[in-house]
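Peer 1: Here it is, the structure in full.
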Amino acid sequence: MKYFTAFVLLLMSVATFGQGRSNQNDDNNDYRVIPAPHYYVRYLIDKPTAYTLPKGSFDLDFKTYPGGGLQTAINIGLANRFALGLGYGGARIFSEQTPEWNPKVDLSIKYMLIEENKSVPQIAIGFSSAGYGFYQETDSSIGYQEDRYLVKSPGFYIAFSKEYPIYSSYMSLHGGINYTLENEIDSDPNIYVGTLINLGYNMIFLGEYDFALNDNKSAGIFGRGRGYLNLGIAWYLTPELQLELDLRNVLLNRRAIADEDLVVDREIRLVYLEFFADR
């Protein structure tokens, strides 16, 4: 518990620093309406959108998962259409137990094929080996029948995104087709859909539904056939700093391990975006 408290205090410190830095650069000091360029919505909760980082920018992404786990990533916009990222994490980091680190570093690549306009959605292709939760090698005693993340990584994907105005606000619709490399048991292609809705006051609602067609063959604790429904709220503390609270696996699309209760996963996510030089 003390590690979790320290992590929350760290988030508050970073938010305070980011707010002070942004206020120095803004004469009006008014962040009630933060513009939402497309690089703010590069992902839903788990799944990628068709938007990417602009050239000369980078982000730092931190998210927790049950069991005291933490996943981190850095993504860099190498060009306006191309971004590259690396990620790493481990379980039991915020606990009294010895951390258990993932056995591999994850890679993400995204390239924008078609830029969005009034009649055409934005389209991007990419690859991401980063799933959600701890990467567990095969262990039938806890219900893992293959080497995989708790929720499989997207793998290769094509993503579609389109933004729509709603009165003085906006929403965007997203979808994609993906093929994961975590396919020892179920190698079907998969589809996902989602939405982001601007709630005003620097807050965005996020929702996604992963059909999990590549994870619906009964194997250990997985394969219940319900898909993964994830919901979240993102709050832009400053234009650079995003704090997100997510509810994952709302439909309880897996079985409990041993005598544990199966509950909805709760996640805290912090994303910091910056440019290498002034724009």
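Peer 1: Starting from the Cα-Cα distance between ASN80 and ILE158, subtract it from 0.36 nm times their residue separation and give me the gain in nm to one decimal.
Peer 2: On the way: separation 78, 0.36 × 78 = 28.08 nm, distance 1.76 nm.
This chain segment gains 26.3 nm when fully extended.
Peer 1: Determine which lysines satisfy two conditions relative to LYS104: a Cα distance under 21 Å, and not lying fewer than 8 residues away in the same chain.
Peer 2: Cross-link targets: LYS47, LYS63, LYS152.
Peer 1: Then there's this: If amide H atoms are built 1.01 Å from N in the plane of the peptide, which residues on other chains or at least 5 residues away come under 5 Å of the amide H of TYR170?
Peer 2: For TYR170, whose amide H was placed from the backbone, the distant partners under 5 Å are ASN198.
Peer 1: Want the number for ILE177 to ILE125: 0.36 nm per residue separation, take away the alpha-carbon distance, what's left? It would help to have the intermediate numbers written out before the result.
Peer 2: Details: separation 52, 0.36 × 52 = 18.72 nm, distance 0.97 nm.
Contour length minus Cα-Cα distance gives 17.7 nm.
Peer 1: Residues with amide H under 5 Å of ASN202's amide H, sequence separation 5 or more or different chain, H placed in the peptide plane at 1.01 Å from N; which?
Peer 2: Answer set, sorted by chain and number: ILE34.
Peer 1: Another question, then. Between GLU260 and ASP139, what length comes free when the chain is fully extended (0.36 nm per residue of separation minus the Cα-Cα distance, one decimal in nm)? List each step's numbers first, then the result.
Peer 2: Numbers: separation 121, 0.36 × 121 = 43.56 nm, distance 1.70 nm.
Value of the extension gain: 41.9 nm.
Peer 1: Modelling each spin label as a point 7 Å along the Cα-to-Cβ direction, I'd like the ILE233/LYS55 distance in nm, to one decimal.
Peer 2: Here the modelled spin labels are 3.9 nm apart.
Peer 1: Something else now. As an exercise, use a Förster radius of 25 Å and the Cβ-Cβ distance of LEU199 and LEU247 to find the FRET efficiency, rounded to the nearest 0.05.
Peer 2: On the way: r = 16 Å, r/R0 = 0.64.
Efficiency computed from Cβ-Cβ geometry: 0.95.
Peer 1: Can you order the peptides 197-205, 122-130 by their average number of other Cβ atoms within 10 Å per residue, highest first?
Peer 2: On the way: 197-205: 15.2, 122-130: 20.8.
Ranked by mean Cβ neighbours within 10 Å, highest first: 122-130, 197-205.
Peer 1: Say a paramagnetic label sat at a point 7 Å from the Cα of VAL105, along Cα to Cβ; which residues of the range 58-90 have their backbone N under 15 Å from it?
Peer 2: 72-76, 84-90
Peer 1: If packing is taken as the average count of other Cβ atoms within 10 Å, what order do 260-271, 215-226 fall into, highest mean first? Please report the intermediate quantities before stating the final value.
Peer 2: On the way: 260-271: 14.9, 215-226: 17.3.
Peptide ranking by packing, descending: 215-226, 260-271.
Peer 1: Here is a further query. Hey, can you grab everything whose amide H is under 5 Å from the amide H of ALA130? Only 5+ residues off in sequence or another chain; H modelled, so Pro and N-termini drop out.
Peer 2: It is LEU107, GLY155, by chain and number.
Every read-out reported here was derived from the displayed coordinates using simple, explicitly stated rules and does not represent laboratory data. All values reported here derive from a predicted model rather than from experimental measurement. Neighbour counts run over all protein chains shown; Cβ positions are idealised from the backbone, glycine included.
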